[in-house]
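Reading through the structure tokens given below for one structure.
What follows is calculated from the coordinates using simple rules that are stated; it is not laboratory data. No experiment lies behind these values; they were computed from the predicted model shown. With ideal geometry, Cβ positions are generated from the backbone for all residues, glycine too; neighbour counts draw on all protein chains shown.
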């Protein structure tokens with residue numbers, strides 16, 4: 001049975017969801033629902049979907065695999081491709097196989113929203129407003145998300161202040177590894193540039209992000225943002241943003257890539273990376289790719305609401321704010 005703390009979290013969740021709906025309605029957003037079951041999952045290299053099987057019983061359709069979506073992103077961008085589409089938001093369950101820890105549950109609640117004819121700066125402003133209102137409704141105060149404006153810092157500056165390493169000055173894996181080791185960061189057997197970067201980031205940068213107020217981390221290395229457009233005046237970085245508070249990652253967003261040819265090339269690269277990791281390399285979602293080329297310039301972000309609720313209630317782990325955490329049956 002749920003604990004008293006979990007029941008209190010359920011009541012707080014009701015207020016959180018109501019506040020988010022209130023805010024996005026006030027900004028002209030439309031709430032939508034997209035399918036949880038999809039024929040083609042995303043290709044993120046470090047995310048695995050749950051696979052199911054459709055078995056026709058009415059004579060319609062063929063036996064085939066389907067997947068619980070890991071994000072509503074592809075479907076929501078198909079909606080954005082319609083010229084009549086307004087700003088969109090969604091509160092939905094998403095599913096990621098194998099993810100169980102103090103900050104992970106294989107089934108969790110996501111807020112995802114997109115604004116057409118905007119970029120990631122507009123999305124950051126909307127998220128500040130939405131979570132500040134949510135905190136007021138849930139706790140009656142403004143101790144965390146109400147401390148606006150939130151900090152905005154580039155990945156380059158965050159890494160420099162935490163380690164003294166300038167990633168742009170070390171374009172090779174060997175060079176970045178040498179700089180990391182000089183800074184006292186152990187990188188183990190990491191031999192790729194990305195792996196060395198993540199050792200630096202996870203050991204020295206992430207734990208300190210959002211220590212006193214929420215932090216937007218901006219301008220990731222271009223190779224680390226497969227769905228984001230590159231910054232027009234600096235192609236070495238992408239217009240990607242992540243939100244952190246108290247060292248916990250809460251959201252990931254972009255100024256969206258709207259070049260279908262470039263998007264296809266990036267997804268093909270992700271297929272190859274998944275194969276190299278011995279992971280399934282799923283087919284490309286052709287309907288999504290067709291939509292990318294018709295989308296207006298847009299900004300969007302996905303935010304893990306269970307983690308938001310955990311921080312608002314000063315809970316120690318996700319299981320404290322879930323009525324049925326996965327740990328019960330795993």
Inset, instruction - With an 8 Å cut-off on Cα pairs and a minimum separation of 6 or more residues, tell me the relative contact order of segment 89-186 in percent. - result: 14 percent
Inset, instruction - Kindly put 320, 166 in sequence by how many other C-beta atoms sit within 10 Å of each C-beta, fewest to most. - result: 166, 320
Legend entry - Overall dimensions of segment 89-132 as given by Cα atoms, namely Rg and Dmax in Å: 13.5, 38
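Using r as the Cβ-Cβ distance of residue 52 and residue 223, and R0 as 30 Å, what FRET efficiency do you calculate, to the nearest 0.05?
On the way: r = 32 Å, r/R0 = 1.07.
For residue 52 and residue 223, the calculated efficiency is 0.40.
I need to check one value: relative contact order of the chain, counting alpha carbon pairs closer than 8 Å and at least 6 residues apart, in percent.
On the way: 611 pairs, mean separation 73.7, N = 330.
In percent, rounded to a whole number, it is 22.
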Legend entry - Which of 329, 216 has the fewest Cβ neighbours within 10 Å, and the rest in rising order: 329, 216
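Determine the calculated [θ] at 222 nm for the chain from helices alone, applying -39500 (n - 2.57) to every DSSP H run no shorter than 4 residues and normalising by the residue count; nearest 500 deg cm²/dmol.
-10500 deg cm²/dmol
Kindly state, as a whole number, the per residue volume in cubic angstrom of the convex hull around the alpha carbon atoms of segment 144-259.
On the way: hull volume 12.5 nm³, N = 116.
Normalising the Cα hull of segment 144-259 by residue number yields 108 Å³.
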Legend entry - Burial ordering of 69, 170, fewest other beta-carbon atoms within 10 Å first: 170, 69
Legend entry - Mean separation of Cα contacts under 8 Å, 6 or more apart, over the residue count of segment 1-132: relative contact order %: 23 percent
Inset, instruction - Post the alpha-carbon centroid distance, segment 32-78 to segment 138-185, in whole angstrom. - result: 35 Å
